[in-house]
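Only one structure is covered here, and it is reproduced in the block below.
FYI, it's all coordinate maths here, none of it is from the lab. All figures in this text were calculated on a predicted structure; none of them were measured in a lab. Methodologically, a virtual Cβ is constructed for each residue, glycine included, from the backbone with ideal geometry; neighbour enumeration extends over all protein chains shown.
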């Protein structure tokens, strides 16, 4: 069977810990409390995030891989883990003008990895905040 023209996918999981406080300067104290509840605590709170990264592309004829996992690990480590692991998201420049919700965190990670991996390789990023909450960003079909 000829697999030319098919697209295959490779996913990998990573773990990081970070803190944040959900607070918008555009809202009143009461509105922040209503919007973010206990996540608006002045001292913030932390999460052990699960991060899933999915890349896609043609399977290389020589290696048999969509992407070498060593290369993917390097990019995720350099772009995401070194920057955010054991940090406070509120202090990162990416969140200077936006609330560090996990939706925004997921979008930031997607943008960083998309730029580092090159056009068309990154398919999907999923961030698990708790056992019940997860957030996803997927490549748009432009």
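See the values below:
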{"item": "Residues of the stretch 84-128 classified as within 30 Å of residue 6 (Cβ to Cβ), touching a residue at least 60 places away in the same chain (Cβ under 8 Å) and crowded, with 16+ Cβ neighbours inside 10 Å, total", "result": "10"}
{"item": "Selected residue (only one of 43, 47, 20 is touching a residue at least 12 places away in the same chain (Cβ under 8 Å) and surrounded by fewer than 14 Cβ atoms within 10 Å (Cβ to Cβ))", "result": "43"}
{"item": "Matching residues in the stretch 129-139 - criterion: being surrounded by 12 or more Cβ atoms within 10 Å (Cβ to Cβ) and closer than 17 Å to residue 47 by Cα", "result": "129, 134, 135, 136"}
{"item": "Leading residue by the ranking (nearest to residue 80 (Cα to Cα)) among those in the stretch 33-51 that are within 24 Å of the chain's Cα centre (by Cα) and in a helix (DSSP H, G or I)", "result": "39"}
{"item": "The stretch 23-40, residues that are in contact with a strand residue (DSSP E or B) (Cβ under 9 Å, 6 or more places away or on another chain) and exposed (fewer than 12 other Cβ atoms within 10 Å of the Cβ)", "result": "38"}
{"item": "Selection status of residue 73, out of contact with any helix residue (DSSP H, G or I) (no Cβ under 6 Å at 6 or more places or on another chain), surrounded by fewer than 16 Cβ atoms within 10 Å (Cβ to Cβ), touching a residue at least 24 places away in the same chain (Cβ under 8 Å) and in a helix (DSSP H, G or I)", "result": "yes"}
{"item": "Of the criteria (1) farther than 30 Å from residue 121 by Cβ; (2) not in a helix (DSSP H, G or I), which one residue 12 fails", "result": "(1)"}
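Conditions tested, residue by residue: (1) touching a strand residue (DSSP E or B) at 6+ places or on another chain (Cβ under 8 Å); (2) more than 15 Å from residue 50 (Cα to Cα).
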residue	(1), (2)
106	yes, no
114	yes, yes
125	yes, no
131	no, no
134	yes, no
